[in-house]
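**Q** Take a look at the following structure, please.
The values are calculated or read from the model by the stated rules, or taken from the named source; none is laboratory data. Everything quoted here is computed from the prediction, not taken from an experiment. Here Cβ is always computed from backbone atoms with ideal geometry, including for glycine, and neighbour counts include all displayed protein chains.
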Amino acid sequence: MKRFVLLIGLLWFSFVITSKAQTSTDRTTLWEFTGNGLSTPSYLFGTFHLLCPDDLIFTEALKQKLEASQQLYLELDFSDPQIGMKMMENMRMRGKTYHDLYDSLTYRQVSDSLEKIAHIRLETFNNMKPFGLYSIVLMGALQCQPASWELQLVDLAKAKGMNIAGLETVESQAALFDTIPYKVQAEQLKEMVFNLDSTATEINELINLYKSQDIHTLHSRTITDPLMQDYLDLMLYNRNVNWISIIEESAKSQATFFAFGAGHLAGDKGVINLLRKRGYTVKPVY
């Protein structure tokens, strides 16, 4: 159950794997795709949104491929100055508060736990969707202020004068979490805050897998969690399919650097394999 919480919380952003054609030696989060009418290569990069600053490392290969690109696509357009306001507006539950989701004792216990973990009270966020609180709790488990791949990439892209865009809108991404019952989300939030030590252990295991670029194990942990089975299409596969037309159109116009949650790269229904099925050559970059 705790792994479900972590995966849902991180899938607002993260994870990775590749297609049948790759081998276990393909440990990388950076990929190049060519062919099928493209005049220049474009690139795929898998991010992980809960990293402490010391763990966010720009390799030379990453810098070179970003420099070789003319535009940057992220899951969301993080260059939009209104994005923070849009996120807050779309994090509100529709017609529910935590008083509707917890009994009075549980409400108080969750609120007390949040105060210890993140110095916030549930009362202050009484109508925020539980997934919005997941990230706050995970930051408490990490005991650092996470660094952001997205903001770093945006800064570099702006300095280079690149066009910046998003594969999705804040509204469409936030709407995903309206399809998961708030009660289910709230129960997972409770599980997370009541078991912070094990939550911290699991998130650090995932971070270590990402840092070692062990994309196969990351993917396996995503798809084998029993509680994830009902949400894999919603959170991963349907979005991958929706992105492909945008990726193709953008890459045909000019060299593009695509950066999104690493889990979307993966497997038969991942972005890498979907591009291969469309006739592109996709290869790892080290």
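**Q** I'd like to check something: does region 96-109 contain any residue that is of a type in the set (G, A, S) and touching a residue at least 40 places away in the same chain (Cβ under 8 Å)?
**A** no
**Q** Would you confirm whether or not region 264-271 contains a residue that is out of contact with any Pro (no Cβ under 6 Å at 6 or more places or on another chain) and either among the basic types (K, R) or free of Cβ contacts under 8 Å to residues at least 24 places away in the same chain (or both)?
**A** yes
**Q** Follow-up question, since we're still on this one. With the requirement that a residue be under 20 Å from L138 (Cβ atoms), of a type in the set (S, T, N, Q) and touching a Lys or Arg at 6+ places or on another chain (Cβ under 9 Å), what does region 84-127 give you?
**A** Those that are under 20 Å from L138 (Cβ atoms), of a type in the set (S, T, N, Q) and touching a Lys or Arg at 6+ places or on another chain (Cβ under 9 Å): N90, Q109, S111, S113.
**Q** From the residues in region 167-188 that are among the aliphatic types (A, V, I, L, M) and either modelled with pLDDT under 95 or assigned to a loop (DSSP other than H, G, I, E, B) (or both), which one is surrounded by the fewest Cβ atoms within 10 Å (Cβ to Cβ)?
**A** If we filter region 167-188 for residues that are among the aliphatic types (A, V, I, L, M), which is where we start, we get 167, 170, 174-176, 180, 184, 186.
Then keep just the ones that are either modelled with pLDDT under 95 or assigned to a loop (DSSP other than H, G, I, E, B) (or both); that gives 167, 170, 174-176, 180, 184.
Numbers: L167: 21, V170: 22, A174: 20, A175: 12, L176: 18, I180: 18, V184: 16.
In this case the residue turns out to be A175.
**Q** Name the pairs whose Cβ atoms lie under 7 Å apart, with the first residue in region 41-70 and at pLDDT 95 or above, the second of a type in the set (F, W, Y) and not in a strand (DSSP E or B), and 6 or more positions between them or separate chains?
**A** A61/Y286
**Q** Could you list all residues from region 73-94 that are of a type in the set (D, E, K, R) and buried (at least 18 other Cβ atoms within 10 Å of the Cβ)?
**A** E75, D77
One line per residue, one yes/no per condition, for (1) part of a helix (DSSP H, G or I); (2) touching a Phe, Trp or Tyr at 6+ places or on another chain (Cβ under 9 Å); (3) closer than 30 Å to G35 by Cα:
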site: E202; (1), (2), (3): yes, no, no
site: L236; (1), (2), (3): yes, yes, yes
site: I247; (1), (2), (3): yes, yes, yes
site: A251; (1), (2), (3): yes, yes, yes
site: F257; (1), (2), (3): no, yes, yes
site: L265; (1), (2), (3): no, yes, yes
site: L274; (1), (2), (3): yes, yes, yes
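**Q** On to the next question. What number of residues within region 187-197 satisfy the criterion of being over 20 Å from the mean Cα position of the chain (by Cα) and within 16 Å of T97 (Cβ to Cβ)? Working first, answer last.
**A** Pass one, region 187-197, residues over 20 Å from the mean Cα position of the chain (by Cα): 187, 190-191, 193-197.
Within this subset, residues satisfying the condition of being within 16 Å of T97 (Cβ to Cβ) are 187, 190.
Count: 2.
**Q** Which condition breaks for D268 when tested against (1) of a type outside the set (S, T, Y); (2) out of contact with any Gly (no Cβ under 7 Å at 6 or more places or on another chain); (3) buried (at least 19 other Cβ atoms within 10 Å of the Cβ)?
**A** (3)
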